[in-house]
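Heads up, the thing below is written out as structure tokens.
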Amino acid sequence: MKRLLCIGLHLMILISCVKAKENAIMKQTTVTDTVLLSSGYKMPRLGLGTWTLTGKICEEAVYHALQVGYRLIDTAKYYGNETEVGNACRRAIQDGICKREDIFITTKLVPWSSNPDADIDDSLQKLGVSYIDLCLLHQHGTDASDTAVYEAMIRATKQGKIRSIGISNFYTEKTVSRFIQNFDIPPAVIQNENHLKYQNTVLRDWATNQGIYIESYYPFGGRGHTSEHLQNKTVLEIARKYNKTAAQVIVRWHLQSGYIAIPGSSNPAHISENFTIWDFELSDDDMKTLLQLDTGKRYENW
């Protein structure tokens, strides 16, 4: 009898472990690796930012990111590295790492462009592609210049040169609304400074209702501020709990919060580290704890 009870107990424990494992697996897949934009195209949720990366360093960083599994690469005309991004993508395609249709390339146009139509063609040539997956108005200029650039992006979309369009560095419902109300194609993405210290959940929640995704640049706070995030005691405590690094916890927080994230790095180890976030999920309590780190203040003023 005791033996039967013992066997029964072991079976109950085994079944409980199996169910726990199944639940863990389910949790790990609750954050998808892509989102469906209002344009009808899928966009990866995690990518590589290339701001400040130039020359061979930029090319190697992008190539390594594609090797690791990234499929979203973010650049801009202002960065001066579209050629290097294009070179890395072509190398990865030639080496069989991925196909062009697997890579989601974002670039941006400055509001002071005197000929945004020509700038779009120039970006296509430098990137060496027949279409740009996502093109953003880089920041606010004047209403007139913003309109000129945005209308050029719409023309290019209708011509098949661009698949999705959006805006960057617009932080309020008021400043975003005109792009929804006044143009044929509303923004699919808003790329903004976004991190634990500046979460802007008000804009995120409003944008979600409009069918717009928020993409986080400076997910670790940006150069000069990363230690405030990666060395934060709360973040480190949570990281120890999951046997993860602070960077991985922060990236995971971005994705679970509904954001797209583009951490930038030229360090192969860091690029790989930032992408290794698909095998765990932060608990609701930990998400609430990280929410409390919001100060409502940005580091940049553009």
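The values are calculated or read from the model by the stated rules, or taken from the named source; none is laboratory data. The structure displayed is predicted, hence computed values, not measured ones. Cβ sites come from the backbone with ideal geometry, for glycine too, and all protein chains shown count toward neighbours. SASA here: full protein model, heavy atoms, side chains in, ligands and nucleic acids out. Shrake-Rupley method; radii C 1.70, N 1.55, O 1.52, S 1.80 Å.
For Ser164, indicate whether it is closer than 24 Å to Asn115 by Cβ, touching an Asp or Glu at 6+ places or on another chain (Cβ under 7 Å) and surrounded by 21 or more Cβ atoms within 10 Å (Cβ to Cβ). The answer is yes for Ser164. Listed conditions (1) open to solvent by 20 Å² or more (accessible area, probe 1.4 Å); (2) at pLDDT 95 or above; (3) within 23 Å of Ala247 (Cα to Cα) are all met by Arg223, apart from (2). Contact annotation: residue pairs with Cβ atoms under 6 Å, 6 or more positions apart or on different chains, pairing a residue in segment 182-196 that is under 20 Å from Asn301 (Cα atoms) with a partner that is of a type in the set (D, E, K, R) and assigned to a loop (DSSP other than H, G, I, E, B), are Glu193/Arg298; Glu193/Glu300. Can you name the residue in segment 88-111 that is in contact with a strand residue (DSSP E or B) (Cβ under 9 Å, 6 or more places away or on another chain) and in a helix (DSSP H, G or I) and is also farthest from Pro44 (Cα to Cα) among such residues? Of everything passing the filter in segment 88-111, Ala88 is farthest from Pro44 (Cα to Cα). Can Gln231 be described as open to solvent by 40 Å² or more (accessible area, probe 1.4 Å) and of a type outside the set (D, E, K, R)? Yes: the conditions hold for Gln231. In segment 136-160, the residues that are open to solvent by 30 Å² or more (accessible area, probe 1.4 Å) reach residues that are part of a loop (DSSP other than H, G, I, E, B) and of a type in the set (Ser, Thr, Tyr) with C-beta atoms within less than 7 angstrom, at least six apart or across chains, in these pairs: Gly160/Tyr131. The residues of segment 263-281 that are open to solvent by less than 10 Å² (accessible area, probe 1.4 Å) and of a type in the set (A, V, I, L, M), listed by number, are Ile271, Ile277.
Here's the yes/no breakdown for (1) farther than 21 Å from Phe170 by Cα; (2) in contact with a Lys or Arg (Cβ under 9 Å, 6 or more places away or on another chain); (3) modelled with pLDDT of 95 or more:
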position	(1), (2), (3)
Tyr63	yes, yes, yes
Tyr70	yes, no, yes
Cys89	yes, yes, yes
Ala92	yes, no, yes
Gly96	yes, no, yes
Val110	no, yes, yes
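Residues of segment 61-104 that are within 16 Å of the chain's Cα centre (by Cα) and of a type in the set (Gly, Ala, Ser): Ala65, Gly69, Ala76. Inspect segment 195-202 for any residue being crowded, with 17+ Cβ neighbours inside 10 Å, under 22 Å from Gly40 (Cα atoms) and within 16 Å of the chain's Cα centre (by Cα) and give the result as yes or no. No - not one qualifying residue is present in segment 195-202.
In summary, Asp122 fulfils each of the numbered conditions (1) open to solvent by 30 Å² or more (accessible area, probe 1.4 Å); (2) more than 23 Å from the chain's Cα centre (by Cα); (3) touching a residue at least 24 places away in the same chain (Cβ under 8 Å); (4) more than 25 Å from Glu59 (Cβ to Cβ) with the single exception of condition (4).
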